[in-house]
Amino acid sequence: MWTKETLKELISDKLKDNLFIVASNREPYIHKFKADKITCFRPASGVVTALDPILQTCNGIWVAHGSGDADRKVVDFKNRVRVPCNDPNPKYTLRRIWINKAEEIGYYYGFSNEALWPLCHIVYAKPKFRESDWNHYKQINQRFADAILEEADGKDAFIFLQDYHLTLVPKMIKQVNPKAKIALFWHIPWPNPEVFRICPWKKEIIEGLLAADLLGFHIHYHVDNFLETVNHTLEAKVDKAGSSVVYQGIETSVRPYPISIDYDSIEKEAASKEVQNDIKKVKEELGITSEIVGIGTDRIDYTKGITEKFKAIDHFLETYPEYQGKFVFIQIGSLSRIHLDTYKKLNDEINGLVERINWKYSSDNWSPIIFIRKYFTPTQLLAIYRMADICLISSLHDGMNLVAKEFVAAASEKKGMLVLSQFTGAARELTEAITFNPFKPEDCASAIKSALSLPAKERKEKMQKMKAVIKENNIYRWSTKIINALLRLS
Ligand code: GDG
């Protein structure tokens, strides 16, 4: 079993004498002004849950974009602040880098989220490739690389980069410090070469990535796609059987590491008194009286298939009218990338759809969809998972989907079933879920029906099997495997 303790042992045994640097776009602690006072909070993020304990144990450094409005107020002259911020004895250093509006528009909103995001998620949204965005992207990648190099200060360092925002950083670091050991984890899907080849800067991106010693993806399929893409893009030696690439004298191992959650703590907290109390409170607050509850939690993103999900619910209520008046669906939607037009339009489309479906079916004291755009505390979120009969995840394409795993961990075996899009990384592991094709509303509607009609014994067995899978393949396994692989490479 992989636990926080086994991870800590590994780190204090093997990693303690090395400098460990993590870099990601999003920071693990944010300082914000609230009623003229500076408050600090940890954003809800699976990556932070996974990496924060590692950094706390090895006194590492996390380099990230300082995005909070009070972030500059708390850093020292080197843009550093010790964290966890509310800890009297902070354990590691957060090094912030600053990005101005124009750079954010080009690097983050533009190239990262209007070019790479749609390129890698096959949902038929056209990527937008703008030269000016690419220039900002290169500039900010260089800023990350410079900050990391400054923090490493020529020492042997392990550097763990996160995601598609930082593809050029491995090469930028290796050019200055060839001894640095670099891993990069790709949190989203990697598409096939036919899709990737339209990127005008594909060669630079692949070359940037191949300077890393280790590249991690969620599933084998993305690893295979990446190796194929390298084959089509560069003159490199690709070893498919050994899952590695040699390019310009550097060997890169390419491996699947399915990301996960802290299963034990979620399971324990979900069964706690606090969560039971929150179930009552949340039900009252949302005015839920229906016997059967479905839930969904997504960032409001077109890849998550939220409009497809609502159309499927419409189809479900039409096909199985016996559920009208009895079934309510709670959709939690956290606002995301709202400065982009596509996301604004999606918000409008969702509003219109909810309004139309609720108008079509609602009676005096019942409407089928409750759509809430607000942040829920982790305890409230567990309460919502815990009261649900089904969790419906309808992503059109998703690297993993942590909500699927959180729901299974939080739900009681006696209640709850996961209804999961085939096109999520999670569907490869959670084979006992009821899966469906989100592009076909009829398919999703009949998956909802099957989940709600499962005999209790079968449902319990399915949930037990899924719980066992996640308990074993938990977040500590993910981090331990990556650290072990990096240690082996050195
Ligand atoms: C990317 C990849 C991959 C959401 N609303 C609230 C809240 N959340 C939390 C969920 C979950 C997380 O946000 C969302 O994670 P996902 O995995 O579902 O999706 P992405 O944000 O798209 O993440 C994805 C992931 O990276 C990790 O590699 O799985 O495929 O796209 O943890 O619980 N948390 C709280 N309140 C909310 O209102 N507390």
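Before moving on, here are some points about what is shown:
- Given (1) without any contact (Cβ under 8 Å) to a residue 12 or more places away in the chain; (2) outside any helix (DSSP H, G or I); (3) within 16 Å of the ligand (Cβ to nearest atom), index of the condition SER265 fails: (2)
- Tally of residues being away from the ligand (no atom under 13 Å from the Cβ) and open to solvent by 30 Å² or more (accessible area, probe 1.4 Å) across region 268-280: 7
- Selection of region 82-104 for residues being among the aliphatic types (A, V, I, L, M), assigned to a loop (DSSP other than H, G, I, E, B) and surrounded by fewer than 18 Cβ atoms within 10 Å (Cβ to Cβ) yields an empty set.
- Some residue of region 174-185 being farther than 22 Å from THR49 by Cα, touching a residue at least 60 places away in the same chain (Cβ under 8 Å), in contact with a Ser or Thr (Cβ under 7 Å, 6 or more places away or on another chain) and more than 16 Å from the ligand (Cβ to nearest atom): yes
- Top-ranked residue in region 31-43 [being over 26 Å from ILE182 (Cβ atoms) and touching a helix residue (DSSP H, G or I) at 6+ places or on another chain (Cβ under 7 Å); ranked as surrounded by the fewest Cβ atoms within 10 Å (Cβ to Cβ)]: ILE38
- Output for region 433-490, where each listed residue is β-branched (Val, Ile, Thr) and not in a helix (DSSP H, G or I): ILE434, THR435
Residues are listed down the side, and each one gets a yes or a no for (1) within 16 Å of the ligand (Cβ to nearest atom); (2) in contact with a Phe, Trp or Tyr (Cβ under 8 Å, 6 or more places away or on another chain); (3) in contact (Cβ under 8 Å) with a residue 12 or more places away in the chain:
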site	(1), (2), (3)
TRP190	yes, yes, yes
TRP201	no, yes, yes
GLY208	no, no, yes
ASP213	no, no, yes
ASN225	yes, yes, yes
VAL230	no, yes, yes
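- Evaluation of ASN358 against (1) within 28 Å of ASN113 (Cβ to Cβ); (2) open to solvent by less than 70 Å² (accessible area, probe 1.4 Å) (one fails), failing number: (1)
- Contacts under 6 angstrom Cβ, first residue in region 1-30 being in contact (Cβ under 8 Å) with a residue 40 or more places away in the chain and surrounded by 22 or more Cβ atoms within 10 Å (Cβ to Cβ), partner of a type in the set (Lys, Arg) and assigned to a loop (DSSP other than H, G, I, E, B), 6 or more apart: TYR29/ARG42
- Scope region 268-298; condition in contact with a helix residue (DSSP H, G or I) (Cβ under 7 Å, 6 or more places away or on another chain) and assigned to a helix (DSSP H, G or I); matching residues: GLU269, ALA270, GLU274, VAL275, ASP278, ILE279, VAL282, LYS283
- For the residues TRP366, TRP359, the requirement of being farther than 23 Å from LEU430 by Cα and at pLDDT below 95 singles out TRP366.
- Breaking point among (1) under 24 Å from the mean Cα position of the chain (by Cα); (2) more than 16 Å from the ligand (Cβ to nearest atom); (3) free of Cβ contacts under 8 Å to residues at least 24 places away in the same chain, for LYS34: (1)
- ALA125 being open to solvent by 20 Å² or more (accessible area, probe 1.4 Å), within 16 Å of the ligand (Cβ to nearest atom) and more than 17 Å from ILE206 (Cα to Cα): yes
- Subset tally (residues that are in contact with a Pro (Cβ under 9 Å, 6 or more places away or on another chain) and surrounded by fewer than 21 Cβ atoms within 10 Å (Cβ to Cβ)) for region 452-476: 1
- Residue tally, condition out of contact with any helix residue (DSSP H, G or I) (no Cβ under 6 Å at 6 or more places or on another chain) and either free of Cβ contacts under 8 Å to residues at least 24 places away in the same chain or farther than 17 Å from GLU308 by Cβ (or both), over region 419-432: 5
- Taking the listed residues GLY242, GLY296, the one that is within 16 Å of the ligand (Cβ to nearest atom) and either within 30 Å of ARG488 (Cβ to Cβ) or open to solvent by less than 20 Å² (accessible area, probe 1.4 Å) (or both) is GLY296, with no other qualifying.
- Taking the criterion of being in contact with a Phe, Trp or Tyr (Cβ under 7 Å, 6 or more places away or on another chain) and of a type in the set (Ser, Thr, Tyr), the only residue of region 263-305 that qualifies is SER290.
- Total residues in region 299-312, condition surrounded by fewer than 23 Cβ atoms within 10 Å (Cβ to Cβ) and in a helix (DSSP H, G or I): 5
Table: residues versus (1) of a type in the set (Gly, Ala, Ser); (2) within 22 Å of GLN162 (Cβ to Cβ).
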position	(1), (2)
ASP213	no, yes
HIS220	no, yes
GLU228	no, no
THR233	no, no
SER244	yes, yes
ILE250	no, yes
ARG255	no, yes
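- Looking only at region 423-432, and only at residues there that are part of a loop (DSSP other than H, G, I, E, B) and either away from the ligand (no atom under 14 Å from the Cβ) or in contact with a Leu (Cβ under 8 Å, 6 or more places away or on another chain) (or both), the one that is most open to solvent (accessible area, probe 1.4 Å): THR431
The values are calculated or read from the model by the stated rules, or taken from the named source; none is laboratory data. Remember, predicted model here, so these are calculated numbers, not experimental data. Reconstructed Cβ throughout: ideal geometry from the backbone, glycine too, with neighbour counts over all protein chains shown. Remember, those area values only see protein heavy atoms, side chains included, never the ligands or the DNA or RNA. Shrake-Rupley method; radii C 1.70, N 1.55, O 1.52, S 1.80 Å.
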